[in-house]
Each structure stands twice: as structure tokens, then as C-alpha cells.
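Asks: Questions regarding the structure given below will be posed in turn.
None of the figures in this text is laboratory data; all of them are computed from the coordinates on show. As the structure is a computational prediction, the values presented were derived from the model and not from experiment. Note: ideal-geometry Cβ built from the backbone for every residue, glycine included; neighbour counts use all protein chains shown.
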Amino acid sequence: MEEENIEAMILRIEHKSKKIENLLKQSKPVEALKTALEVSPTNTKDQRCKSANWIVVHRAMMAIRDVDGMFSSLDPEYYDILMKYLYRGLATGDRPTCDQCLRIHEKLTEKAGLGCILRSLADTVNTV
Amino acid sequence: MPAVEVHQLAQCITCHAWSPDRTMVALCPNNAEVHIYKFTMDKWERVHVLFKHDQIISGIDWSLRSNKIVTASHDRNSYVWNHEGSEWVPTLVILRLNRAALCVQWSPKENKFAVGSGAKTVCICYYEPENNWWVSKLIRKRHDSSVTSVAWHPDNIFLATTSTDGKCRVFSTFIKGVDTKDSGTSSSRDLKFGEQIVQLDLSSSWSFGVKWSPSGNTLAYAGHNSTVYFVEDVRNSPSAHNVAYRNLPLRDLLFVSERMVIGVGFDCNPMVFTKDDTGLWSFAKFLEERKTAQSNSKYGSQFSEAFGKLYGQSRHGANDGVDSLRARGIAHENTITCIIPLQKEGDKIVRRFSSSGLDGKVVIWELDYNTDIPE
């Protein structure tokens with residue numbers, strides 16, 4: 001059962017990836033990020049799914065140039081999950097990724113408050 | 001300005017409780033003693049020091065009608081203090097714990113008290129008149145980690161607990177000979193001592209500060225993930241509502257009325273949550289207004305410097321540091337760990353309450369009559 005669900009999730013992530021490439025070609029990076037963040041595999045333990053989704057989120061995130069503009073069209077429901085991915089990004093240690101994550105982190109903390117950071121740190125069950 | 005009185009009574013306070021007539025406050029100044037202060041003339045005078053515990057006292061409760069103080073400490077013991085003459089006489093309660101006691105509360109009828117512990121157990125203690133001592137009955141099952149707070153339902157039987165395993169549970173503490181069966185309320189199976197009525201697994205992080213609403217219909221507790229959980233109709237069909245907020249986590253809650261909750265915690269400023277007509281809970285406002293301009297201290301000045309380093313930009317040095325903390329203009333300077341009601345018996349709404357925290361202050365708050373408190 002679990003196997004089927006995981007395969008279904010991986011397929012969905014691949015599907016998401018194609019959608020995101022299209023959106024990026026149309027210069028819609030914020031839409032791309034929203035698509036990437038939607039239905040993230042937080043409630044599974046499978047690392048393959050999580051890594052696959054991270055790659056997709058990373059792709060969309062790195063394409064963002066205007067961080068302030070992004071927040072004017074990103075709904076608050078995405079804040080908590082975005083914060084979790086920012087910390088995953090910071091954990092990679094990769095310079096360009098970390099620079100982008102820090103840029104977004106600053107604005108996200110302003111928008112969502114310290115509670116958002118707490119929620120990403122305290123939740124050891126629904127991880128990205 | 002809701003903070004009516006601010007009293008610096010120690011360097012750091014772990015917990016506090018008020019006497020029935022509200023003239024005296026018992027507090028633990030972060031050591032093994034209980035200090036009782038009385039407000040005489042216009043200053044606070046330390047009238048008693050209760051010295052029996054070996055380690056920090058983590059919980060104090062002062063019963064309204066029977067005027068007894070119960071204390072619980074990290075030394076795994078609990079004492080019930082009786083006022084005889086001018087002295088407070090302790091009676092040891094053998095809790096049978098092998099870890100610290102973390103919280104304690106008298107039941108509404110004051111014939112029992114509950115102690116939460118780091119031993120993953122809850123002790124329900126009742127008085128046995130034949131032997132003139134307090135007996136402890138343990139609820140050993142169910143908890144996977146330390147019990148951080150306990151709260152009695154108005155019916156004197158159900159007890160809610162929160163734990164560092166993230167869950168909130170409700171148990172029956174029915175004791176034959178102490179409690180009387182209320183005809184028609186519940187089946188006898190439910191009433192068995194230690195029976196778990198419901199387990200709420202809503203938070204994926206430590207939970208604190210569970211409280212029942214005055215009628216016992218709503219349960220609220222705070223999660224360490226900056227979320228407050230409100231659960232309606234716990235017994236029959238529990239429906240939960242989470243409120244995730246912007247700020248640092250809360251440590252304790254207080255039901256001011258059926259539809260208003262005040263939370264205190266790491267933000268040093270009490271937070272007000274209200275339930276609207278559709279039954280939806282939400283964060284309304286901070287109890288106190290911060291006086292300084294928010295431009296330089298967006299997250300609170302103690303973080304500005306840290307964030308400055310994180311983002312690699314320079315921040316204006318003028319407003320940083322300890323000075324701006326005081327300049328924030330709010331009563332507490334450090335984490336508030338405890339909030340208790342100060343209403344007179346029979347009052348339906350709590351307009352007056354007090355808070356204590358790691359800054360050693362006891363602050364008395366009063367919601368003036370202009371403030372609309374939704375009932």
C-alpha cells in the first residue's frame with residue numbers, strides 16, 4: 001500500500017516539475033513556487049519523495065529575482081511550508097542556494113513572524 | 001493600560017499563588033523555598049518562608065475555601081501546608097515518584113489535587129481522615145513523556161493533562177469514597193480511575209498550559225510550535241481548532257470567559273484570543289501596546305543583532321541591547337511562565353488576573369469595564 005502511494009507521489013512530483021518548467025518559461029516564478037510547495041510530501045517517511053520535491057522547490061526558488069514582489073502574491077498558507085524548505089536549503093551549504101534562502105528568509109520572517117520559524121523547527125514529524 | 005500593578009518580588013519566579021482574600025501571594029524565587037508576601041500599608045513585606053523542599057519548587061496552589069497551600073518540587077515530593085495559628089505546618093505527601101514533580105493543582109472541590117511529573121505519571125492525591133494523611137494514586141499509563149501541566153474540569157472528576165510528547169489527554173480521576181457518582185451523567189465504565197477519556201494528538205511539539213473554559217465545554221492548550229489548540233465538546237464529539245500565530249510560543253493560558261483566552265509566554269506580553277459568533281477562535285491583540293517605534297526592532301530588539309549577523313548587514317546600533325528592552329514599555333522583561341485568575345468567588349468573568357515570570361515580577365492585570373469581554 002505504502003509502495004503504491006510513494007510511486008504515485010513520485011509521479012505527481014514529476015508532473016509538477018514539468019508544470020514548473022513551463023511556468024518558468026512564461027516568466028511566472030511565483031506561480032512556479034506555489035506549484036512546487038503545494039501538496040508537499042511531509043506526511044511520509046520516504047526520503048526519495050522528499051528529495052524529489054526538494055529539487056523541484058529549489059528550482060522554483062532559485063528562479064525568483066524579486067523577493068518583495070513574490071510576497072505580495074504569495075498567500076499566507078504557504079508561509080510555514082516555505083520556511084521548512086528554506087531551512088533545508090540552508091542546510092545544503094551551497095553558496096548560491098544559501099544566499100537565496102537568506103534573502104527569502106529575511107522577508108518571510110518579517111511577513112510571518114518568529115512563530116513561523118518556531119513551527120518549522122518544532123515540527124519533527126512533518127518534515128520536508 | 002491593563003497592567004495595574006507591577007511588583008518586583010525576586011530575581012526570578014518559577015510559580016505563584018494567591019491567598020483566598022488576595023492580600024498575600026506565595027511564590028518560589030527559583031529556589032527550594034516558598035516566600036509569602038503580604039501587602040501592608042504601601043509596601044510588600046515577606047511574612048513567611050516555607051522551607052522544607054530540597055530542590056526548586058515547580059508548582060504552588062492555594063485553595064480558596066480550605067486555605068491550604070500545596071507545593072510540588074523537583075525533589076519528587078509534595079507538601080500540603082496548613083495554617084495553624086501563625087505558622088504554616090507542612091504535611092509530606094508521598095507521591096511515589098522517581099522523577100521531578102512539575103505542576104500541581106487543587107481540584108475545584110479542594111478534596112483532591114493533581115501532580116504532573118517527569119516520571120510520565122500523574123499523581124492524584126486525596127485526604128484519608130482515618131490516618132490523617134494524603135494518599136497518592138498514580139495514573140501510570142498513557143503518557144510517553146513528562147507531564148507539563150494539569151487542569152481540573154469543573155466536575156471535579158475529569159483531569160486534562162499536557163505532555164512533552166505533544167499530546168493532551170483527559171482522564172477520569174474518580175475515587176471511591178471521595179467522589180460521588182453523579183446519576184445520569186456517564187456510564188460507570190467511563191468513571192474508572194485512570195481511564196483515558198480522550199487523547200488529542202494535534203501538536204507535533206511539546207504542549208503546555210492546558211485549561212478548561214468555565215463551563216468545561218472547551219479545552220485549550222499551547223503548543224511549543226507557536227500554536228494554540230482549542231477543542232470544543234471534548235467528551236462527545238471533539239472538534240479542534242488550531243490558531244497559529246506570528247510570535248514566540250506560549251507557556252500558560254487563562255480562560256477569562258467562555259470566549260476569551262489570555263496566553264502568556266516567551267514574548268513577555270500577554271496575548272488575547274477570542275471566539276467569534278461562528279465559533280472561530282483567533283488572535284485578537286497583545287494585551288499591552290508596545291511603546292517604541294517598530295522600525296528598528298521588527299522582531300524584538302534582542303533578536304535584531306542576531307538577525308543582523310545572519311543576513312550579513314549592519315543594523316543601527318542605537319536601539320539594540322538591553323536598554324531598548326526596557327524601553328519597549330511592557331510590564332514583563334522576561335518570559336512569563338504563569339498566569340492565574342484573581343476573581344472573587346462566584347464571578348463568571350475574570351477581569352483581574354496576575355502573571356509571574358523569569359524576570360522576578362508579579363504583575364496584576366485588570367481589564368477595565370470598557371473592555372468588551374465576549375461571554
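Asks: Given R₀ = 41 Å, what would the calculated FRET efficiency be for A:Glu77 paired with B:Asn236, taking r from the Cβ atoms and rounding to 0.05?
Replies: Calculated transfer efficiency: 0.85.
Asks: First measure r as the distance between the Cβ atoms of B:Asn217 and B:Asn67, then evaluate 1/(1 + (r/R0)^6) with R0 = 22 Å and state the FRET efficiency to the nearest 0.05.
Replies: 0.15
Asks: Report the label-to-label distance for A:Glu4 and B:Asp347 in nanometres (one decimal), using points 7 Å from each Cα along the Cα→Cβ vector.
Replies: In this crude spin-label approximation the distance works out to 6.0 nm.
Asks: Report the label-to-label distance for A:Arg48 and B:Asp21 in nanometres (one decimal), using points 7 Å from each Cα along the Cα→Cβ vector.
Replies: 7.5
Asks: Can you pull the mean other chain C-beta count within 10 Å for peptide B:245-252?
Replies: So the per-residue partner count for this stretch is 4.
Asks: Whole number please: convex hull volume per residue of the Cα set in chain B, in Å³?
Replies: Taking the convex hull of the Cα positions in chain B, it is 156 Å³ per residue.
Asks: What dipole magnitude, in Debye to the nearest 20, does chain B give about its Cα centre under +1 on Lys/Arg Cβ and -1 on Asp/Glu Cβ?
Replies: In debye, rounded to 20, chain B gives about 780.
Asks: Name all residues of the stretch B:1-26 having a backbone nitrogen under 20 Å from the label point set 7 Å from the Cα of B:Val49 along its Cα→Cβ direction, giving them as ranges.
Replies: B:8-17, B:24-26
Asks: Quick check on packing: order B:197-208, A:31-42 by the mean number of other C-beta atoms within 10 Å, highest mean leading.
Replies: Descending packing order for the listed peptides: A:31-42, B:197-208.
Asks: While we're on this one: In whole Hz, with x marking every Gly and Pro, tabulate ³J(HN,Hα) for the stretch B:78-87 from phi via Karplus 6.51 cos²θ - 1.76 cosθ + 1.60, θ = phi - 60°.
Replies: With coefficients 6.51, -1.76 and 1.60, one gets 9, 10, 9, 9, 10, 7, 10, x, 10, 10 Hz.
Asks: Subtract the Cα-Cα distance of B:Ser86 and B:Asn132 from 0.36 nm times their separation in residues, and report this length gain in nm to one decimal.
Replies: 14.4 nm
Asks: Enumerate the whole-percent occupancy of each 10 Å bin, from 0 to the last occupied one, for all C-alpha pair distances of the protein assembly as shown.
Replies: Each 10 Å bin holds this share of Cα pairs: 4, 17, 26, 24, 16, 9, 3, 1, 0.
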